[in-house]
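The values are calculated or read from the model by the stated rules, or taken from the named source; none is laboratory data. Everything quoted here is computed from the prediction, not taken from an experiment. Methodologically, a virtual Cβ is constructed for each residue, glycine included, from the backbone with ideal geometry; neighbour enumeration extends over all protein chains shown.
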2 protein chains.
Amino acid sequence: MKQVDYMAVAEQAMKQIKKGVFLTVKVGDDVNTMTIGWATIGFCWHKPIFMVAVRDSRHTFTIIEKAADFTVSIPSENMKDEIMFCGTKSGRDVNKFERCELQTTDAQTVYSPIINVPGLHFECKIIYKSAMNASLLNPDFEKLYPDKDFHTLYFGQITDCYEI
Amino acid sequence: MKQVDYMAVAEQAMKQIKKGVFLTVKVGDDVNTMTIGWATIGFCWHKPIFMVAVRDSRHTFTIIEKAADFTVSIPSENMKDEIMFCGTKSGRDVNKFERCELQTTDAQTVYSPIINVPGLHFECKIIYKSAMNASLLNPDFEKLYPDKDFHTLYFGQITDCYEI
């Protein structure tokens, strides 16, 4: 494991995130991973921040709403099939970890595990969240929400960032 | 003017932002600039995104609430005094541009001007905003808001990013 500066890897991370990476959350015994393609990274409330967005129709939403934290795992190897599967199937219907042969391993600083793959990993403690208010979204973007399943934005304080 | 990739300069930008940079907003004839030290950068709603946070006690807040866009100017030269002034004085009481001898120049893609200094400039069209809901903030962070003047988070689509 090699500690890395979260902003030094932000460009590389965002390139991968746009193609799909793993957002993993756990509360109690409930754990799920899903593919995300959107995120912002920076510094707010005096802390390093990683923001992710989860639609309220997602199984992950029911978990992250109760969770204290999340992880983002950005594989360095090609995992296109797994990324596609975890972005299109629901953890309500299938066990994504079994079906994709994804192994988790304990995180260093949070309860949610990371996906145990070579790559970049962010561990994040949720410090603020905000359910989207449709009336404040530019109308040009309403087409992203034909089913009105708006995102909730989760702001995680980055508590660890490393490569394995 | 040299166009730059917004994520390629994100690390450099965030280093400067943490020390203070200029957020400039204009609506009608009302224009103001203030110092910000927090931001996140990334990709969301299929667009490059720059998020800034403005407390509702700020003069800039009254302008940005009516504005369609904002700019962020990140000077490459030492402007410590101007950054300090614009972060501690209010545009309600003083004309910051005159007092700090800051010149503005038209932006390329938005109505709000940029501060005409050598450095990195982001032009952003506001596509979503969210007033902070105190009840969803981790209680450890409440001390940042002794006067309950919470931030509104403005999500700007980056419409241009360049160095001058």
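Of the conditions (1) under 25 Å from residue B:155 (Cα atoms); (2) away from chain B (no Cβ under 12 Å); (3) of a type in the set (Ser, Thr, Tyr), residue A:40 satisfies every one except a single condition; which number is it?
(2)
Show me the strands (runs of 3 or more DSSP E) found entirely inside the stretch A:1-100 where at least 2 residues are of a type in the set (A, V, I, L, M) and farther than 30 Å from residue B:20 by Cα.
It comes to A:21-27, A:30-36.
Can you confirm whether the stretch B:11-23 contains a residue that is touching an Asp or Glu at 6+ places or on another chain (Cβ under 8 Å) and within 23 Å of residue A:13 (Cβ to Cβ)?
Yes - at least one qualifying residue is present in the stretch B:11-23.
What residue, of B:85, B:50, is over 12 Å from the mean Cα position of the chain (by Cα) and at pLDDT 95 or above?
B:85
Do the conditions hold for residue A:97, that is, is it among the hydrophobic types (A, V, I, L, M, F, W, C) and either touching a helix residue (DSSP H, G or I) at 6+ places or on another chain (Cβ under 6 Å) or touching a residue at least 60 places away in the same chain (Cβ under 8 Å) (or both)?
yes
Which of the residues spanning the stretch B:108-164 are touching a Ser or Thr at 6+ places or on another chain (Cβ under 8 Å), in a loop (DSSP other than H, G, I, E, B), among the aliphatic types (A, V, I, L, M) and under 24 Å from residue B:78 (Cβ atoms)?
Scanning the stretch B:108-164 gives a single hit, B:117.
Here is a check on your reading of the model: is residue B:144 within 14 Å of chain A (Cβ to nearest Cβ), farther than 19 Å from residue B:67 by Cβ and not charged (D, E, K, R)?
Yes.
Among the residues of the stretch A:6-34, how many are on the phi < 0 side of the Ramachandran plot and within 14 Å of chain B (Cβ to nearest Cβ)?
16
For residue B:134, work out the one condition from (1) surrounded by fewer than 20 Cβ atoms within 10 Å (Cβ to Cβ); (2) within 21 Å of residue B:16 (Cα to Cα); (3) within 14 Å of chain A (Cβ to nearest Cβ) it doesn't fulfil.
The failed condition is (2).
Tally time: how many residues in the stretch A:43-58 are in contact (Cβ under 8 Å) with a residue 40 or more places away in the chain and within 14 Å of chain B (Cβ to nearest Cβ)?
11
Hey, does the stretch A:113-125 have a residue that's of a type in the set (Gly, Ala, Ser), out of contact with any helix residue (DSSP H, G or I) (no Cβ under 6 Å at 6 or more places or on another chain) and within 14 Å of chain B (Cβ to nearest Cβ)?
Looking through the stretch A:113-125, none of the residues is of a type in the set (Gly, Ala, Ser), out of contact with any helix residue (DSSP H, G or I) (no Cβ under 6 Å at 6 or more places or on another chain) and within 14 Å of chain B (Cβ to nearest Cβ).
Quick check on residue B:66: is it farther than 26 Å from residue A:157 by Cα, modelled with pLDDT of 95 or more and surrounded by 22 or more Cβ atoms within 10 Å (Cβ to Cβ)?
no
Within the stretch B:113-131, which residues are under 20 Å from residue A:127 (Cβ atoms) and either touching a residue at least 40 places away in the same chain (Cβ under 8 Å) or crowded, with 21+ Cβ neighbours inside 10 Å (or both)?
B:128, B:131
Mind listing just one residue for me: the one in the stretch A:1-41 that is free of Cβ contacts under 8 Å to residues at least 24 places away in the same chain and within 22 Å of residue B:38 (Cα to Cα) and, of those, surrounded by the most Cβ atoms within 10 Å (Cβ to Cβ)?
A:40
Is it fair to say residue B:100 is crowded, with 23+ Cβ neighbours inside 10 Å and more than 14 Å from every other protein chain (Cβ to nearest Cβ)?
Criteria not met by residue B:100.
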